[in-house]
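Engineer: Dumping the structure here so I can ask a few things about it.
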Amino acid sequence: MKGVLDTPILLTAALKEGFCRQILRDGLQNQVLYTSPQQLLTFIQITRRPHMAPFKDYLEKFIILYAECAKNIKPTQDQAADLKNLGEDQRNCLNIALMVQANFFVTSRPQDYETQEIQGTLLLSPEQFREPRSQI
């Protein structure tokens, strides 16, 4: 199965033990995860914020390892253009999911979506992903 994790999910997985880290672990062991150069750049930009300074080196190593484990693609078109309420990072991550026809997209902002599925890709919160996955 193919999936995409949004940038806040990746950041949380890097910094804390919990749902997000379990999702990342499961994704890397049992699924095929996708990322993009833009998502990796966004992650690195977040590590430059002053409150992230204590974790900067660790997070940079984390994202390098993630980039080596996930399949890196560049979305060729904005398939989420009609979703005007999405921020740039959410739109980029959703475009990755739609381009690769992912089975799931785990988002930290499920409230931004009016539906739980777009073009066959399930939009899941971390909690929904951890539920029994007969739906995926």
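Engineer: Would you mind telling me the antiparallel percentage of the DSSP bridges in the chain, rounded to 5?
Structural biologist: Numbers: 2 of 13 bridges.
Rounded to the nearest five, the antiparallel share is 15 percent.
Engineer: Still on this structure: Report ³J(HN,Hα) in whole Hz for each residue of segment 92-107, in order, from the Karplus equation J = 6.51 cos²θ - 1.76 cosθ + 1.60 where θ = phi - 60°; Gly and Pro get x.
Structural biologist: For segment 92-107, the Karplus curve yields 4, 5, 5, 4, 4, 4, 5, 5, 8, 6, 5, 6, 8, 10, 8, 10 Hz.
Engineer: Which residues' amide hydrogens lie under 5 Å from the amide hydrogen of Ile118, considering only partners 5 or more residues apart or on another chain, with H built in the peptide plane?
Structural biologist: Leu123
Engineer: A further question follows. With semi-axes √(5λ) of the Cα gyration tensor in Å in mind, check (i) 32, 27, 16; (ii) 22, 17, 14; (iii) 54, 14, 11 and report the label derived from this structure.
Structural biologist: (ii)
Engineer: Can you compute 3J(HN,Hα) from phi for each residue in segment 27-41, using the Karplus curve 6.51 cos²θ - 1.76 cosθ + 1.60 with θ = phi - 60°, rounded to whole Hz and x for Gly and Pro?
Structural biologist: x, 6, 8, 10, 10, 10, 9, 10, 9, 9, x, 5, 5, 4, 5
Engineer: Given a Förster distance of 25 angstrom, what is the FRET efficiency for Gln116 paired with Ala53, based on the Cβ-Cβ distance and rounded to 0.05? Don't jump to the answer; show the numbers that get you there.
Structural biologist: Details: r = 37 Å, r/R0 = 1.50.
Plugging the Cβ-Cβ distance into 1/(1 + (r/R0)^6) gives 0.10.
Engineer: Moving on. Could you list which residues have their amide H under 5 Å from that of Ser108, counting only those 5 or more apart in sequence or on another chain, with H placed in the peptide plane?
Structural biologist: Answer set, sorted by chain and number: Asp6, Ile9.
Engineer: About the Cα centre of the chain, what is the dipole size in debye to 20, counting +1 per Lys and Arg Cβ and -1 per Asp and Glu Cβ, all else neutral? Write out the running numbers ahead of the final one.
Structural biologist: Details: 15 positive and 15 negative charges, 73 e Å.
That gives a dipole near 360 debye.
Engineer: For the chain, what does the relative contact order come out to in percent, with C-alpha contacts under 8 Å and a separation of six or more? Don't skip to the answer; put the middle values down first.
Structural biologist: Details: 199 pairs, mean separation 41.4, N = 136.
It comes to 30 percent, rounded to a whole number.
Since every read-out is calculated from the coordinates, none of them should be taken as a lab result. This one's a predicted model, so the numbers in the text were calculated from it and none came from an experiment. We place every Cβ from the backbone using ideal geometry, glycine too, and count neighbours over all the protein chains shown.
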